[in-house]
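*Asks:* One structure coming up, written as structure tokens, with questions to follow.
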Amino acid sequence: MHNLTLAQQLQALAAGEFSSVELTQHYINRIESHQDSLNAFITFTPERALEEAQRADQRSTDKPLLNGIPLALKDIFCTQGVKTSCASKMLDNFIAPYDATVVTKLQQAGAVSLGKTNMDEFAMGSSSESSYYGDVKNPWDLSRVPGGSSGGSAVAVSARLASASMGTDTGGSIRQPAAFCGITGLKPTYGRVSRYGMIAYASSLDQAGPFGVSALDCAYLLQATAGHDAKDSTSVDQPVDEYTANINEDIRGLRIGLPEEFFQEGLDADIRAKIDAACDQLRELGCVIKPISLPNAKLAIAAYYVIAPAECSSNLSRFDGVRFGYRCEDPVDLADLYSRSRSEAFGPEVKRRIMVGAYALSAGYYDAYYLRAQKIRRLISEDYQKAFAEVDVVLSPTTPTTAFKTNEKVDDPITMYLSDIYTIGVNLAGLPGISIPVGFSQKLPVGMQMVSTYFSEDTLLRIAHQFQQHTDWHLQTPAEFE
Amino acid sequence: MALTTAEILNIAKLARLHVEESELVDYQQDLSAILGFVEQMEQVNVDGVEPMAHPQDMSQSLREDVVTESDQRERFQSIAPATANGLYLVPKVIE
């Protein structure tokens, strides 16, 4: 059952080949077998999942879009009655008192939730090594990282522990782990999916999105979760396209641009070769490929590591040991309560980013750091807008290398930051981006990123779907998890 | 960009974080390296560029000023570290 795509499982459920309870139990068994080696989940909720599956099986008419499909959710989405930790000691005791809109929408769509997946603490990281609950392993090579921050959600799909999953992407946290784990991951346009109930890291960059085996599977999850939400003032009131119904539309004549800045030094030669081969495939499918330029792209990481920490220092000020979450023992006064609760419960990378943000926003430094970063953000966004006057899609590798070794970069924050070089500008501009598997380099998956203009997720999904109709990279599974 | 230990302590105070004496050097190195890295933002001329705070440059949407949520104090306080009589408890602030 787990070797079927989500779309195939929906057909099999409809045809009565198996029930949602059977499918859910199958994934429960797989999660139990592989949790020790992969550590993909923080909270596993099998009883709840089976109850939801039973309810799905009992629906005889008007079955919703994802009826009976077992999913895994990043532990950043508040789930009422279930621990929602954001992989932090700060929220180790936090039982969410309400549901995120993404959770509500997936429930309305009839999906089953298997549990909450592991991640970098507060979504700050590119390797899923900073979790309070231990690091996540890459199913293709257990000595390597799965990428981050949504590493557990990517692994859940890659190792076939769930039909699909949801993650969040602030600087590449869906696309980079999708690339490292050999699956499809979509970061929608900023504002396309509600952020309500999604624990905030950098609010002007955060966006939720799906992981799936295929682009079509991601289209199903986007269909179920996209849309305006009055509870998120930054969600955009714009009609939701028919992602699944229109995914077969023709892609001939679409113009694809390769930014010269993303094919220079630092890019692994073998990854470059896989991207070239994928471009040849897209040419055969009728796309037109041409060079473009994103001259300010090289400044994206610098601007991001001012803007994201600044927003994080503001957002994480809510964790004060008073209303919820961790509280230190025997505080002597209020200042001690705040500073000791926070210092004892936040991990090193979270503290680093809070400190950088507090500095960048402090009196005398605001103009040199935060304001300048926001101006560069404008330049990066304008580069993309100029590109979209010439092409429909901007294509590049998702990452400069394949999955790196556990502990390889953990002591060197800047080297870790550089692994997001191709993905981070997309968040600054607020654009949609997708990563799809395009081959292997020394037995590790290679991902290709495509980016298009605001609210054109349908274009990305169509191209990815056509590519996947003519290739089978996305159907490869790691040997130990077949 | 090298931060002094006094600057680290001041940043920690602003961020309401407690930094141990033994951690000061690590913070000094890491934060100085990160700030040094972001200095490359100075390579580009940003004169006259409008800062971009939000991807869609949207204005904040407004709604009628009416009550939309019910009172769920007990439910929300059930996850608080310390409460009494419907109030959150903190250490004494004023003697």
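The values are calculated or read from the model by the stated rules, or taken from the named source; none is laboratory data. Only a predicted model underlies this, so the values are computations on that prediction, with no experimental measurement involved. Note that each Cβ is placed from the backbone with ideal geometry, even for glycine, and that neighbours are counted across all protein chains shown. Keep in mind that these areas ignore ligands, DNA and RNA; they rest on the heavy atoms of the full protein, side chains included. Shrake-Rupley method; radii C 1.70, N 1.55, O 1.52, S 1.80 Å.
*Asks:* Any chance you could check region A:71-111 for residues losing 40 Å² or more of accessible area when the partner protein chains are in, compared with the chain on its own (1.4 Å probe)?
*Replies:* A:Pro97
*Asks:* Modelling each spin label as a point 7 Å along the Cα-to-Cβ direction, I'd like the B:Leu9/B:Gln56 distance in nm, to one decimal.
*Replies:* Placing both labels 7 Å along Cα→Cβ, they lie 4.7 nm apart.
*Asks:* Compare B:Ile34, A:Ile95 by solvent-accessible area with a 1.4 Å probe and give them largest first, with all protein chains kept in place.
*Replies:* A:Ile95, B:Ile34
*Asks:* Can you give the accessible area of A:Tyr98 in Å² (nearest 10), computed on protein heavy atoms with a 1.4 Å probe?
*Replies:* Counting only protein heavy atoms, the figure is 70 Å².
*Asks:* Comparing the chain by itself with all protein chains present, which residues of region A:170-212 are at least 30 Å² less accessible (probe 1.4 Å)?
*Replies:* Buried on complex formation: A:Tyr190.
*Asks:* Right, another one. Please compare each pair in A:Lys63/A:Lys105; A:Lys105/A:Lys187; A:Lys274/A:Lys443; A:Lys89/B:Lys13; A:Lys83/A:Lys116; A:Lys89/A:Lys116 to a cut-off of 19 Å on the Cα-Cα distance and tell me which ones are over it.
*Replies:* A:Lys89/B:Lys13, as the Cα separations exceed 19 Å there.
*Asks:* Here's another thing I want to ask about it. Average partner chain C-beta neighbours within 10 Å, per residue of A:367-378?
*Replies:* 5
*Asks:* While we're looking at this one, here's another question. Hey, if you put +1 on the Cβ of every Lys and Arg and -1 on every Asp and Glu Cβ in chain A, which of A:Ile95, A:Thr234, A:Leu71 ends up farthest toward the positive end of that dipole?
*Replies:* The Cα lying farthest towards the positive end belongs to A:Thr234.
*Asks:* Sticking with this structure for a sec: P(r) of the protein assembly as shown in 20 Å steps, Cα pairs, percent per bin?
*Replies:* With a bin width of 20 Å, the distribution comes to 22, 57, 21, 1.
*Asks:* So if we plug the beta-carbon distance of A:His26 and A:Asn246 into 1/(1 + (r/R0)^6) with R0 = 30 Å, what FRET efficiency do we get, rounded to 0.05?
*Replies:* The formula returns an efficiency of 0.45 here.
*Asks:* Counting only protein heavy atoms and a 1.4 Å probe, tell me what percentage of chain B's accessible area is made up of carbon and sulfur.
*Replies:* 50
*Asks:* Moving on. For the protein assembly as shown, give me the percentage of DSSP beta bridges that are antiparallel, rounded to the nearest 5 percent.
*Replies:* Among the beta bridges of the protein assembly as shown, antiparallel pairing accounts for roughly 70 percent.
*Asks:* Among A:175-185, A:428-438, how do they line up from the highest to the lowest mean number of other beta-carbon atoms within 10 Å?
*Replies:* So the peptides A:175-185, A:428-438, ranked by packing, come out A:175-185, A:428-438.
*Asks:* How much of A:Trp473 can a 1.4 Å solvent probe reach, expressed as accessible area in Å² and rounded to 10?
*Replies:* Around 90 Å² of this residue is reachable by solvent.
*Asks:* Kindly report the accessible area of the protein assembly as shown per residue (heavy atoms of protein chains, probe 1.4 Å, no ligands, DNA or RNA), in Å².
*Replies:* Computed with neighbouring chains in place, this is 38 Å² per residue.
*Asks:* Also, quick follow-up: In peptide A:299-305, how many Cβ atoms from other protein chains are near each Cβ within 10 Å, on average?
*Replies:* 4
*Asks:* Next question, about the same structure. Please give the length that would be gained between A:Ser143 and A:Asn93 if that part of the chain were fully extended, namely 0.36 nm times their separation in residues minus their C-alpha to C-alpha distance (nm, one decimal).
*Replies:* Full extension from A:Ser143 to A:Asn93 adds 15.0 nm.
*Asks:* So, by mean Cβ neighbours within 10 angstrom, what's the order for A:187-195, A:345-353, A:330-338 with the highest one leading?
*Replies:* With the highest mean Cβ count within 10 Å placed first, the list reads A:187-195, A:345-353, A:330-338.
*Asks:* Moving on to the next point. With every protein chain kept in the model, how would you rank A:Glu242, A:Glu482, A:Glu344 by accessible area, 1.4 Å probe, largest at the top?
*Replies:* Solvent-accessible surface, decreasing: A:Glu482, A:Glu242, A:Glu344.
*Asks:* Excluding A:Gly167 itself, calculate the net charge of residues whose Cβ lies under 12 Å from the Cβ of A:Gly167, where each Lys or Arg counts +1 and each Asp or Glu counts -1.
*Replies:* Its environment carries a net charge of 0.
*Asks:* Right, another one. Quickly rank A:161-167, A:321-327 as a protection proxy: mean count of other C-beta atoms within 10 Å, highest first.
*Replies:* My ranking of the peptides, most packed first, is A:161-167, A:321-327.
*Asks:* Can you give the accessible area of A:Glu22, probe radius 1.4 Å, in Å² rounded to 10?
*Replies:* Approximately 100 Å² of A:Glu22 is accessible to the 1.4 Å probe.
*Asks:* In region A:405-432, what residues drop by 50 Å² or more in accessible surface going from the chain by itself to the full protein assembly, probe 1.4 Å?
*Replies:* Listed by number, the residues meeting the 50 Å² cut-off are A:Ile414.
*Asks:* Mind checking how much accessible area A and B bury in total, 1.4 Å probe, in Å² rounded to 100?
*Replies:* 5100
*Asks:* Additional query: Which value in deg cm²/dmol, rounded to the nearest 500, describes the helix-derived mean residue ellipticity at 222 nm for the protein assembly as shown, given -39,500 (n - 2.57) per DSSP H run of n ≥ 4 and division by the residue count?
*Replies:* -11000 deg cm²/dmol, from helical runs alone.
*Asks:* Next up: Roughly speaking, to the nearest percent, how much of region A:86-227's 1.4 Å accessible area is carbon and sulfur?
*Replies:* 50
*Asks:* May I pose another question? Using a 1.4 Å probe and counting only protein heavy atoms, arrange A:Asp217, A:Asp141 so the residue with the most accessible area comes first.
*Replies:* The ordering from most to least exposed comes out as A:Asp141, A:Asp217.
*Asks:* How many Cβ atoms of partner chains, on average, are near each residue of B:80-90 if near means within 10 Å of its Cβ?
*Replies:* Other-chain Cβ atoms within 10 Å of each residue's Cβ, averaged: 3.
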